[in-house]
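The values are calculated or read from the model by the stated rules, or taken from the named source; none is laboratory data. This one's a predicted model, so the numbers in the text were calculated from it and none came from an experiment. All Cβ positions, even for glycine, are placed from backbone atoms using ideal geometry, and neighbour counts span all protein chains on display. Please note that ligands, DNA and RNA were not included when accessible areas were found on the heavy atoms of the full protein model with its side chains. Shrake-Rupley method; radii C 1.70, N 1.55, O 1.52, S 1.80 Å.
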Amino acid sequence: MEVQVVDYRAPDAAERFTRSLHETGFGVLKNHPIPQDLVERIYATWLDFFNSEQKHDFAFSKEKQDGYFSTAISETAKGFTQKDIKEYFHIYPWGRIPEQLKADAMDYYQRANALAQELLGWVERYTPPEIAKNYREPLSNMIKDSTGTLLRVLRYPPLTGNEPAGAVRAAAHGDINLLTILPAANEPGLQIKGTDNQWRDVPCDFGTLAINIGDMLQEASQGYYPSTLHQVLNPVGEGAKRSRVSLPLFLHPRNDVVLSDRYTAGAYLEERLRELGVKS
Ligand SMILES: O=C(O)CCC(=O)C(=O)O
Ligand SMILES: [Fe+2]
């Protein structure tokens, strides 16, 4: 099955959307409640920030994981040796953020969080009972009052032609968290790996939202909802001269949430961050 583009307000939206998540790990929503002018303002104002020197005043904290991650320290996907060609900023409600960017970022954070709670309700409702009985608490509850949910503003810089061989904007990876909400970026490039091992573009009409399952929900649903590998390739031609900005919100459960017999959310996250090389 291909990733479905679902009208959020259609009567069968929940059923179609969760089937897409089950079969591909991704679903795309149109006609959704996140204001597009807010998303576009965030893209524009953060691009200015990444183009300024102010970003260096917010160098990331290894302990807290908030702040600005430069291209020199950006993450290396599991199983890869080259760092991704990207810089990004991690926003938490308790973390550091440039004052002029705070109001829009927090507005978006809250709206996307509320939508995620609703979507997790859909996901739970359409989980087969034999799987749902293993959820230790309602999925929407797992992210309530979480201090771990993270808004990442990503900027993939224009390519110079001097990138290390094999380095890409975002090497193939699965997201660590429960669920990710990702507005269509200002430039194309996001692909997912199908069960046939072929890479496919994710539908990315400007104004839509892609939602994907993370490893923690795959773990909690015993694989019923798959965490699908995705990547952002380097553009060629004119696109290579432009920045790409994207804005994933990674919904994280509270640390004490039990995902499965093997893992709490907190233990799972520690293990994964160490593998990414951003935590010691
Ligand atoms: O930039 C994108 O479109 C995807 C980013 C992503 O997958 C991530 O940061 O985990
Ligand atoms: Fe991702």
Next on the checklist: Being crowded, with 16+ Cβ neighbours inside 10 Å, more than 14 Å from ligand 1 (Cβ to nearest atom) and of a type outside the set (Phe, Trp, Tyr): is that true of Gln222 here?
Outcome noted: no
Next on the checklist: Take the conditions touching a residue at least 40 places away in the same chain (Cβ under 8 Å), within 30 Å of Ala72 (Cβ to Cβ), within 16 Å of ligand 2 (Cβ to nearest atom) and under 13 Å from the mean Cα position of the chain (by Cα) and apply them to Leu276. Does it pass?
Outcome noted: no
Checklist outcome for this item: Pairing a residue in segment 157-181 that is away from ligand 2 (no atom under 16 Å from the Cβ) with any residue that is of a type in the set (Asp, Glu), where Cβ atoms lie under 9 Å and the two sit 6 or more apart in sequence or on different chains, gives Pro157/Glu87; Ala167/Asp84
Checklist entry - When you go through (1) over 19 Å from Ala112 (Cβ atoms); (2) touching a helix residue (DSSP H, G or I) at 6+ places or on another chain (Cβ under 7 Å) one by one for Pro235, which number turns out not to apply? => result (2)
Checklist entry - When the residues of segment 240-260 are filtered to those that are within 16 Å of ligand 2 (Cβ to nearest atom), out of contact with any Leu (no Cβ under 6 Å at 6 or more places or on another chain) and assigned to a loop (DSSP other than H, G, I, E, B), which remaining residue is nearest to Val3 (Cα to Cα)? => result Leu247
Checklist entry - Of all the residues that make up segment 8-41, how many are among the aliphatic types (A, V, I, L, M), within 17 Å of Ser246 (Cβ to Cβ) and assigned to a helix (DSSP H, G or I)? => result 2
Next on the checklist: I'd like to verify a number: residues in segment 95-124 that are open to solvent by 70 Å² or more (accessible area, probe 1.4 Å) and in contact with an Asp or Glu (Cβ under 8 Å, 6 or more places away or on another chain), how many?
Outcome noted: 1
Item to check | strands (runs of 3 or more DSSP E) within segment 195-239 that include 2 or more residues farther than 20 Å from Ile85 by Cα and in contact (Cβ under 8 Å) with a residue 40 or more places away in the chain | outcome: 209-213
Item to check | Failed item in (1) in contact with a strand residue (DSSP E or B) (Cβ under 6 Å, 6 or more places away or on another chain); (2) open to solvent by 60 Å² or more (accessible area, probe 1.4 Å), with Glu270 passing the rest | outcome: (1)
Checklist entry - Looking at segment 42-68, which of its residues are surrounded by 15 or more Cβ atoms within 10 Å (Cβ to Cβ), touching a residue at least 40 places away in the same chain (Cβ under 8 Å) and in a helix (DSSP H, G or I)? => result Ile42, Tyr43, Thr45, Trp46, Leu47, Phe49, Phe50, Phe58
Next on the checklist: Quick check on my filter: what residues within segment 137-171 are more than 15 Å from ligand 1 (Cβ to nearest atom) and of a type in the set (Val, Ile, Thr)?
Outcome noted: Ile143, Thr147, Thr160
Checklist entry - What residue, among those in segment 228-265 that are among the polar types (S, T, N, Q) and away from ligand 1 (no atom under 11 Å from the Cβ), is farthest from the chain's Cα centre (by Cα)? => result Ser260
